[in-house]
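Before any comments, here is the structure.
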Amino acid sequence: MKARILSPTPENIALAAAALRSGDIVGMPTETVYGLAGGVSLPLAVAKIFDVKERPTFDPLIVHVGSDSKTLESLSELRLVDLTGFKSSTRKRARALAQLLMDEFWPGPLTLVLPKHQDVPDIVTSGLATVGIRMPRHPIAQRLIDMTGMPLAAPSANRFGRISPTRAQDVDAELGDRINYILDGGRSDVGLESTVLAISPDAKLSVLRPGIISKTEIEEITGMPVDRPPASKSRRQSPRAPGMLESHYAPHKPLTLLPCPVLKLRKEDFKVPLKSDRLGVLLLSGDPAAARKHLAAVLGVENDRILVKTLSRTGDFQEIAHHLFAELRALDGSDVDWIVAEPCSVEVGLGHAIADRLKRASAGRS
Ligand code: TXA
Ligand code: MG
């Protein structure tokens, strides 16, 4: 099987929608990362998603809804959420919070974890009593959902534990030999997966996965404290955010997180080149030539043994997020044999999401 990469013409979107209705699965662009979509009420299609990704079944999928489903009532009508799942004493508050967050952030990179309707197949939610739902902002995703006529369950379109794809060709590299269609919607704007926010039955909020919509922003909008559970220490599933494993987003090549920014490195900080013929460097910010020169001098090697990719010359977090997975993938596909990455020291806002992805990409390696 070799996937067809479809340009997003109305005919091709209709073709992908028909494939989805018939139970096939399709690579779908979104503003965060590309997803691997299947009809939410077609359990065989959903099973195919797990199979193709080699994803463990304890890791639930996010359900993507169309642009006319921006109210809790419409999500109940779609038989996705069940509001009686909220405790009666706090139901009103939980509903108001959910609606406020939808009004503010949908369509966009916020996944809300809400009590699930019994009609959502267990395979979608890994048997949990909750379901993650988001309304993507990408116009092609919206059109695809509308034309399919049902919400789409979609995880990121990478093999399990690997780097999330931000371009159609990345999906092709990950899964092109296993699926029929990839809709090409250009480069994903955000570049990191959505913020996953749970609204508990007693109307408490907790971020299960950090993303571009930050804890602070959610606190400002809702006037409520938002809980941020610590990253799971074990390689096994964490009970609250299944699938958020310590090791994730990993390149094939070894990746080590540096102890400090490249320009501050001293020889004693740096043990990697002993194992490396050609070193790849993921620079969060700054000038790649200066970083290369500094590293070459510190390590006492020729410049051409070092390949540097910069995510943002100015250190802009949105730009860093936008380029992170694509540049990590580029280094992974280059001739370097080891990758080192600058750490993200700002662990608030988008910095938290970037730091989270870098730690998981390097987990077990450093
Ligand atoms: O931006 C995104 O969210 C992308 C695009 C394609 O929409 N999707 C994505 O899906 O990143 P995925 O499957 O790679 O990550 C989904 C994660 C799960 O691993 C889990 O941590 C969390 O979302 N999740 C989903 N449903 C949940 C639930 N009911 N309870 C707790 N966590 C849930
Ligand atoms: Mg993923």
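When the test is whether a residue is at negative phi, in contact (Cβ under 8 Å) with a residue 24 or more places away in the chain, within 16 Å of ligand 1 (Cβ to nearest atom) and charged (D, E, K, R), Glu54 does not pass it. When you look at Ile306, is it in contact with a Lys or Arg (Cβ under 6 Å, 6 or more places away or on another chain), surrounded by 21 or more Cβ atoms within 10 Å (Cβ to Cβ), of a type in the set (Val, Ile, Thr) and in contact (Cβ under 8 Å) with a residue 40 or more places away in the chain, yes or no? It is false that Ile306 is in contact with a Lys or Arg (Cβ under 6 Å, 6 or more places away or on another chain), surrounded by 21 or more Cβ atoms within 10 Å (Cβ to Cβ), of a type in the set (Val, Ile, Thr) and in contact (Cβ under 8 Å) with a residue 40 or more places away in the chain.
The residue that is farthest from Ala18 (Cα to Cα), counting only those in segment 154-195 that are away from ligand 2 (no atom under 12 Å from the Cβ) and of a type in the set (A, V, I, L, M, F, W, C), is Val190. Answer yes if at least one residue in segment 137-150 is charged (D, E, K, R), outside any loop (DSSP other than H, G, I, E, B) and either free of Cβ contacts under 8 Å to residues at least 12 places away in the same chain or open to solvent by less than 10 Å² (accessible area, probe 1.4 Å) (or both), and no otherwise. Within segment 137-150, none of the residues are charged (D, E, K, R), outside any loop (DSSP other than H, G, I, E, B) and either free of Cβ contacts under 8 Å to residues at least 12 places away in the same chain or open to solvent by less than 10 Å² (accessible area, probe 1.4 Å) (or both).
Within segment 13-48, restricting attention to residues that are hydroxyl-bearing (Ser, Thr, Tyr) and surrounded by fewer than 24 Cβ atoms within 10 Å (Cβ to Cβ), the residue that is farthest from Ile213 (Cα to Cα) is Ser22.
Taken over segment 309-342, the residue count meeting the criterion of being at negative phi, part of a loop (DSSP other than H, G, I, E, B) and surrounded by fewer than 18 Cβ atoms within 10 Å (Cβ to Cβ) is 6. If you go through segment 113-132 and keep only what is away from ligand 2 (no atom under 16 Å from the Cβ) and either open to solvent by less than 10 Å² (accessible area, probe 1.4 Å) or in a loop (DSSP other than H, G, I, E, B) (or both), you end up with Leu114, His117, Gln118, Asp119, Val120, Pro121, Gly127, Leu128, Ala129, Val131. Taken over segment 158-167, residues that are in contact with a Pro (Cβ under 8 Å, 6 or more places away or on another chain) and farther than 13 Å from Phe325 by Cα amount to 1. Within segment 255-272, the residues that satisfy the criterion of being in a loop (DSSP other than H, G, I, E, B) and either surrounded by fewer than 19 Cβ atoms within 10 Å (Cβ to Cβ) or within 16 Å of ligand 1 (Cβ to nearest atom) (or both) are Pro259, Cys260, Pro261, Arg266, Phe270, Lys271. In segment 84-97, the residues that are closer than 17 Å to Thr130 by Cα form Cβ pairs under 7 Å with partners that are assigned to a helix (DSSP H, G or I), at six or more places apart or across chains, as follows: Phe86/Ala94; Phe86/Arg95; Arg91/Leu83; Arg95/Leu72; Arg95/Leu83; Leu97/Thr222. A single entry from Gln169, Gln99 fulfils the requirement of being open to solvent by 50 Å² or more (accessible area, probe 1.4 Å), more than 10 Å from ligand 1 (Cβ to nearest atom) and either assigned by TED's automatic domain parsing to the domain that holds Leu36 or under 30 Å from Lys253 (Cα atoms) (or both): Gln169. From the list Leu283, Leu295, the lone residue that is free of Cβ contacts under 8 Å to residues at least 60 places away in the same chain and part of a strand (DSSP E or B) is Leu283.
The values are calculated or read from the model by the stated rules, or taken from the named source; none is laboratory data. Keep in mind that this is a model prediction, so the values were computed, not measured. Glycine gets a Cβ as well: all are built from the backbone with ideal geometry, and neighbour counts include every protein chain shown. Calculation scope for accessible area: heavy atoms of the full protein, side chains included, ligands and nucleic acids excluded. Shrake-Rupley method; radii C 1.70, N 1.55, O 1.52, S 1.80 Å.
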